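Please read the structure below before turning to the comments.
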Amino acid sequence: MSLTRRIHHVAYRCNDARETVEFYRDVLGMEFTVAFAEDRVPSTGEHDPYMHVFLDAGGGNVLAFFELPTRPPMGRDPNTPQWVQHIAFEVADLTTLTLARTRLVDRGIEVVGPTDHGLFCSIYFFDPNGHRLELTCNTASDETTAKARANAEPMLAEWSRTKRAPKHNAWLHSSAEHES
């Protein structure tokens, strides 16, 4: 039995709270719901002024950001490629994904994709803070999803043994064997 019900919110750091809210509200259509601001961190008592903003990403999913004006500028883990750490948001369908891509490009935002992953199709771009974002829509049938899911444990076991990409789900990237 899982101890958790769902993710309450996910929090990241931002450079500027207003710019971040405007991006997620105006570009991605999220509702700005709550802001907290304190001079002291409630959990530690440490003096560290911050603005904490919350945005409704839909479906009970909340994305939050901290602006920390007294801290050194944000950085990235130099040992982790930019494409690894990202936030993925689901959209309704391929039409919505195409519309979102056009909306982003029209605002001068560089977009990679669409990329067909076999089970879903995605586009990628960066927010004003340098966080990589993904918009994705599911494209697979229930049967295709079940087939891929059945391979999860065997693939993990093989990866753990060899540290080489298992080929159990290679069919997902073969256009003859998956839905677009």
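The values are calculated or read from the model by the stated rules, or taken from the named source; none is laboratory data. All values derive from a computational prediction rather than experimental measurement. Here the Cβ is made from the backbone with ideal geometry for all residues, glycine too, and neighbour counts use every protein chain on show.
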Can you name the strands (runs of 3 or more DSSP E) wholly within the stretch 42-155 that have at least 1 residues being assigned by TED's automatic domain parsing to the domain that holds Y24, over 25 Å from S174 (Cα atoms) and in contact (Cβ under 8 Å) with a residue 24 or more places away in the chain? 47-58, 61-67
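Each row is one residue, and each column tells you yes or no for (1) without any contact (Cβ under 8 Å) to a residue 60 or more places away in the chain; (2) within 25 Å of the chain's Cα centre (by Cα); (3) over 18 Å from P128 (Cα atoms).
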position: M1; (1), (2), (3): yes, no, yes
position: R5; (1), (2), (3): yes, yes, yes
position: V27; (1), (2), (3): no, yes, no
position: M30; (1), (2), (3): yes, yes, no
position: R40; (1), (2), (3): yes, no, yes
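Small (G, A, S) and touching a strand residue (DSSP E or B) at 6+ places or on another chain (Cβ under 9 Å), is that true of G29?
Yes: the conditions hold for G29.
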Out of (1) on the phi < 0 side of the Ramachandran plot; (2) modelled with pLDDT under 95; (3) out of contact with any strand residue (DSSP E or B) (no Cβ under 7 Å at 6 or more places or on another chain), what's the single condition that is false for G60? (1)
Looking only at residues that are in contact with an Asp or Glu (Cβ under 6 Å, 6 or more places away or on another chain) and aliphatic (A, V, I, L, M) in the stretch 31-55, which one is surrounded by the fewest Cβ atoms within 10 Å (Cβ to Cβ)? V41
Note on the stretch 36-69: residues under 28 Å from D26 (Cβ atoms) and β-branched (V, I, T) are V53, V62
Evaluation of T162 against (1) within 30 Å of F65 (Cβ to Cβ); (2) exposed (fewer than 10 other Cβ atoms within 10 Å of the Cβ); (3) β-branched (V, I, T) (one fails), failing number: (1)
Condition set of a type in the set (A, V, I, L, M, F, W, C) and surrounded by 15 or more Cβ atoms within 10 Å (Cβ to Cβ), scope the stretch 124-159, selection farthest from the chain's Cα centre (by Cα): answer is M155
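Output the residues belonging to the stretch 14-41 that are part of a loop (DSSP other than H, G, I, E, B) and charged (D, E, K, R). Talk me through it step by step, then tell me what you get.
Initial filter on the stretch 14-41 (part of a loop (DSSP other than H, G, I, E, B)): 15-16, 28-30, 41.
The one that is part of a loop (DSSP other than H, G, I, E, B) and charged (D, E, K, R): D16.
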Those residues of the stretch 106-129 which are at pLDDT 95 or above and out of contact with any strand residue (DSSP E or B) (no Cβ under 9 Å at 6 or more places or on another chain) amount to D106, R107, G108
